[in-house]
Amino acid sequence: MDESVILNHMGIKEIRDLEKYMEMALEQARQAFDREEFPVGCVIVQSGHVIASGSRAGTGPGQTFFSEVDHAEVRALKNLEKFKGGFDPEESILFSTMEPCLMCYGAILLSGIKTIVYAYEDAMGGGTGCDLNSLTPLYRDRGVEVIKGVCREKSLDLFYQFFNKEGNQYWKGSFLESYTLEQKQNQESKKALAPPGLN
């Protein structure tokens, strides 16, 4: 992550602030994990205050059909309806513990939110790398900044725990599962090679 990122105009002054709000998104992800759901959490921050949040649903045990609509980002955007303070997308930032998929990315663009911050890359289904210039005007003309890798290790740890949980069937055997297990292994290898006191 580029540690020079500064978003003063939104009341978020430095990297510590980004991490503070991502920790709140991680708490949403942990709540999903505790419900045996895919551990993604999201918060929307406006002028330094969390105005909406959401966590993943529809992926738990006993599901006859895994919902691909109840994503954390969509649920957070839906919860904006409850905010009575006047939503201002120009002054809002969306924090997600995983890179938004194409569906969520499209919904965020349409909401008018200009900044997305995510923790862990979705190597299988992430949507933020799509070329907006190749799309129709409704999406092409939405300027958006994407900041990645904030609290990545903590989010990676949650996904690693999820994929190692007995009975989990969501994305079992997928590229995302194998990628996550490989990333965790790489993380542990780097820690083992680090000089004493740097772990």
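The values are calculated or read from the model by the stated rules, or taken from the named source; none is laboratory data. Keep in mind the model is a prediction, meaning the values are calculated, not measured. Cβ coordinates were reconstructed from backbone atoms using ideal geometry, including for glycine residues, and neighbour counts include every protein chain displayed. These area figures cover heavy atoms from the full protein model, side chains too; ligands, DNA and RNA do not enter into them. Shrake-Rupley method; radii C 1.70, N 1.55, O 1.52, S 1.80 Å.
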For the chain, set up a Gaussian network in which alpha carbons nearer than 10 Å are linked by springs, and say which option among Leu176, Leu77, Leu138 fluctuates the most. Leu138
Connecting C-alpha atoms closer than 10 Å in a GNM of the chain, tell me which of Lys82, Lys114, Lys154 has the biggest fluctuation. Lys82
Only residues of the stretch 91-109 count here: report those whose backbone N is under 20 Å from the spot 7 Å along Cα→Cβ of Gln161, or say none. 96-99
When only Cα pairs under 8 Å and 6 or more residues apart are kept, what is the percent relative contact order across the stretch 18-110? 29 percent
Using just the helices of the chain, give the 222 nm mean residue ellipticity in deg cm²/dmol: DSSP H runs with n ≥ 4 each add -39,500 (n - 2.57), and the total is spread over all residues, rounded to 500. -11500 deg cm²/dmol
Expected unfolding gain across Ser178-Lys84 under the 0.36 nm per residue rule, minus the alpha-carbon gap, is 29.6 nm
How high is the relative contact order of the chain? Use alpha-carbon pairs under 8 Å, at least six apart in sequence, and give a whole percent. 18 percent
Cα centre as origin, Lys/Arg/Asp/Glu Cβ charges: the chain dipole, Debye: 220 debye
Spin-label proximity, Glu36 to the stretch 165-192 - amide N less than 16 Å from point 7 Å beyond Cα toward beta carbon: 165-172
Taking springs between alpha-carbon atoms closer than 10 angstrom, which of Gly85, Gly48, Gly58 fluctuates most in the Gaussian network model of the chain? Gly85
The answer for the per residue Cα convex hull volume of the stretch 49-199, in Å³, is 150 Å³
Would you count, across the chain, every pair of lysines whose alpha carbons are under 17 angstrom apart, provided the pair is eight or more residues apart or spans two chains? 11
Shape category assigned to the stretch 118-199 from the gyration tensor of Cα positions, a/c cut at 1.5: oblate
Over the stretch 80-199, what percent of the accessible surface lies on carbon and sulfur atoms, probe 1.4 Å? 53 percent
Quick one: plug the Kirkwood hydrodynamic radius of the stretch 13-125 (C-alpha pairs) into Stokes-Einstein at 37 °C, 0.692 mPa s, and report D in µm²/s. 234 µm²/s
On full extension of the chain, what length is gained from Glu145 through Phe66, given 0.36 nm per residue of separation minus the C-alpha to C-alpha distance? 25.4 nm
